[in-house]
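Quick notes on the structure that follows.
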Amino acid sequence: MRNFFRTTVVLLLLWGVGAVPLIASAGSVPDPASDSFAPAMIGKKVLLVHSYHREHPWVINVEAGVRAALGNSGVRMEIVYMDTKRNPGEDFKKRAGNEAHRAVERFRPEVVIASDDNAQQYFARRYAGRAGAPQIVFCAVNSDPAAYGYPAVNVTGIEERIFFARSVQFLQKIVPGVRSMLVLSDNSPSSLAALWEMRSQDAPLDRIVWKSCGTFSKWKEALLTGQKFVDGVALLNYHVLRDQNGNQLDPQEVMAWTAGKLTRPSIGFHIFTVADGALCGIAQSGFEHGFRSGNMALKLLKEEMSADDITIETDLNGVAMINKTAGHRVGVSVSAAAELLADGVIE
């Protein structure tokens with residue numbers, strides 16, 4: 001499995017796509033001439049529900065993983081994008097969840113794959129344990145699944161675990177002197193859940209400073225001041241930061257500023273964070289979440305079992321990433337030995 005994900009690093013970095021419709025999209029039925037096409041799967045349906053918008057890099061990678069898993073199985077897939085990252089208001093989230101529910105009523109899938117926490121909170125949880133409901137496979141969930149009524153007879157999936165301790169250990173192989181760290185994040189519900197889980201990990205550090213921010217100005221202040229008193233910086237999420245007028249900022253704009261102001265070696269927990277300017281990290285792979293959840297969906301469709309027959313997964317591989325350019329900015333030279341430990345190296 002590790003070697004499989006090593007070969008997908010290039011795909012995982014390709015998130016720059018053009019604008020596309022944001023609410024729903026239909027997937028085409030694969031070519032039946034393919035050797036791997038399974039006639040028994042014709043007519044089977046999977047609905048993929050994303051918490052966020054289609055252009056979000058995590059969404060793109062999850063979707064690529066699901067499509068790779070389904071391959072030429074003959075399964076028909078439709079997709080709903082709830083767009084709750086750019087629209088965090090409670091009323092919008094409820095409407096987005098209801099829109100996804102209407103897609104279930106119209107499309108009538110046997111399996112629903114629900115990605116990230118908002119898709120559980122505002123949509124998928126209503127089906128947990130309900131007679132006649134589709135099988136639910138969740139992925140990229142930061143909160144305790146019990147918060148959504150999981151597990152249930154028709155629910156299984158994949159929990160997201162931020163690789164904090166592993167990322168710190170990886171950074172220490174590149175910069176051995178790192179013993180203290182500033183952990184910086186926005187204050188979205190998924191971020192706060194991830195920070196709570198990160199605190200439970202036994203990271204090899206003497207001191208950790210935790211900062212969650214609602215605005216870009218607070219983020220700037222926390223970074224510029226905080227990094228003076230630590231050896232390294234950990235960048236979690238920065239996708240719902242707002243300006244002084246309450247407008248949500250472009251995350252790439254936030255990361256471009258951040259990368260230019262970093263004076264300490266940094267770690268990121270998503271592939272796009274390292275690609276956009278963090279030095280290194282054991283990154284969550286949206287592709288891995290999508291690929292594993294897609295395989296769970298296929299297993300449910302092929303074997304006609306209940307979701308509770310499949311164990312919830314927490315032991316993911318992640319992707320070890322290094323950004324040498326980010327290292328040069330803060331005076332860190334990445335050794336050849338450290339490069340050998342990485343699945344992907346950005347020059």
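Each value in this text was obtained by applying a stated rule to the coordinates, not by laboratory testing. Predicted model only: the values in this text are computed from it and were never measured. Counting neighbours? That spans all protein chains shown, and the Cβs are built from the backbone with ideal geometry, glycine included.
For the range 247-347, the residue among Ile271, Leu300, Gly290 whose Cα projects farthest onto the positive side of the dipole built from Cβ charges is Ile271. Inter-part distance, the range 296-347 to the range 178-213, computed on C-alpha centroids, equals 20 Å. Calculated from the alpha-carbon coordinates, the range 30-129 shows an Rg and a Dmax of 14.4, 47 Å respectively.
Using the crude model of +1 on Lys and Arg Cβ and -1 on Asp and Glu Cβ, and no other charge, please compute the dipole size for the range 230-347 relative to its Cα centre, in debye to 20. Write out the running numbers ahead of the final one.
On the way: 8 positive and 15 negative charges, 101 e Å.
Magnitude of the dipole: close to 480 debye.
Only lysines eight or more places from Lys228 in sequence, or on another chain, were considered; those with a Cα closer than 19 Å are Lys211, Lys218, Lys220, Lys261. Among residues other than Ala147 with Cβ under 9 Å from its Cβ, the summed charge is -1 (Lys and Arg +1, Asp and Glu -1). May I ask you to list the lysines whose Cα is less than 19 Å away from that of Lys45, ignoring any residue fewer than eight positions away on the same chain? The reachable lysines, counting only those whose Cα sits under 19 Å from Lys45, are Lys299, Lys302. Each Lys and Arg contributes +1 and each Asp and Glu -1, all at the Cβ; summed about the Cα centre of the range 294-347, the dipole is approximately 420 debye.
Subtract the Cα-Cα distance of Ser306 and Glu105 from 0.36 nm times their separation in residues, and report this length gain in nm to one decimal.
Computed gain between Ser306 and Glu105 is 70.3 nm.
A simple charge model with +1 on the Cβ of Lys and Arg, -1 on the Cβ of Asp and Glu and nothing else charged puts the dipole of the range 56-175 at about 80 debye relative to its Cα centre. Working from Cα pairs under 8 Å separated by at least six residues, relative contact order for the range 72-215 is 17 percent.
Peptides 325-331, 286-292, ordered by how many other C-beta atoms sit within 10 Å of their residues on average, highest first, read 286-292, 325-331. Applying Stokes-Einstein at 4 °C and 1.567 mPa s to the Kirkwood radius of the chain, computed over alpha-carbon pairs, gives a translational diffusion coefficient of 63 µm² s⁻¹.
Return Trp58, Trp210 ranked ascending by Cβ neighbour count within 10 Å, so the fewest neighbours appear first.
Fewest-to-most Cβ neighbours within 10 Å comes out as Trp210, Trp58.
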